[in-house]
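The values are calculated or read from the model by the stated rules, or taken from the named source; none is laboratory data. All figures in this text were calculated on a predicted structure; none of them were measured in a lab. Cβ placement follows ideal geometry from the backbone for every residue including glycine, while neighbour counts extend to all protein chains displayed.
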Amino acid sequence: MNPAERFTVLSSIGGECMCEEGLLQLLKRKATPICCIWFQPTPEMKIEQGIMKTIHVNRMIKAGFQVKILMADWFAQRKSKIDTLDKARTIGLYNIEMWKAAGMDLHKVELLWLSDELNHHAPDYWPIAMDVARKTTMDEMIRWTYGSSMSINEIYAC
């Protein structure tokens, strides 16, 4: 598949491409670019979420991308009503089974677990995370995350 055909396949995933020329250059330069997808395991994953993720991942694979899905088990356990990391991982495994049933080509996908990655890179990750936490206010983090001037009180009110 040539770069223009690969671009067409990728364009079918989203409504618009913010940097078409940059993506075309990447496709010309790299035979197998890496695409990383964040996924927070959820017991409430709707069937259409599983099907759409399957369609998108399979199209990325068809376009020649190496797809890595980061299963954010650690984040899910901290931000959801999931009380243990083991339960978060079990729920993530159920989500993976849904993708299999929907036809995701998991033989060409690398699944990574956030808790494993954090443990593996802990000496590098935690000093940086703590430094950011010490030097940054919650309002600054919210502005960076949401791209607006929302305050922490507005976020907690939601």
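Quick check: anything in the range 87-109 in a strand (DSSP E or B) and not small (Gly, Ala, Ser)? Within the range 87-109, one or more residues are in a strand (DSSP E or B) and not small (Gly, Ala, Ser).
For the range 11-36, a tally of residues being out of contact with any helix residue (DSSP H, G or I) (no Cβ under 7 Å at 6 or more places or on another chain) and of a type in the set (A, V, I, L, M, F, W, C) returns 6.
Under the condition of being within 20 Å of the chain's Cα centre (by Cα) and modelled with pLDDT of 85 or more, the residues counted in the range 12-25 number 1. Within the range 104-125, the set of residues being of a type outside the set (S, T, N, Q), more than 17 Å from LYS46 (Cβ to Cβ) and touching a helix residue (DSSP H, G or I) at 6+ places or on another chain (Cβ under 8 Å) comprises ASP105, LEU106, LYS108, VAL109, LEU111, TRP113, LEU114, LEU118, TYR125. Among the conditions (1) at pLDDT 90 or above; (2) in a helix (DSSP H, G or I), the only one that ILE37 does not satisfy is (2). Would you point out which residue out of ILE13, ILE51, ILE47, ILE34 is under 25 Å from LYS100 (Cα atoms) and touching a Gly at 6+ places or on another chain (Cβ under 9 Å)? The unique qualifying residue is ILE51. Is the range 51-60 home to any residue that is surrounded by fewer than 17 Cβ atoms within 10 Å (Cβ to Cβ), at pLDDT 90 or above, part of a helix (DSSP H, G or I) and β-branched (Val, Ile, Thr)? Yes, the range 51-60 contains a residue that is surrounded by fewer than 17 Cβ atoms within 10 Å (Cβ to Cβ), at pLDDT 90 or above, part of a helix (DSSP H, G or I) and β-branched (Val, Ile, Thr).
Scanning the range 67-90 for residues that are within 23 Å of HIS107 (Cα to Cα), of a type outside the set (Val, Ile, Thr) and surrounded by fewer than 16 Cβ atoms within 10 Å (Cβ to Cβ) gives a single hit, LYS68.
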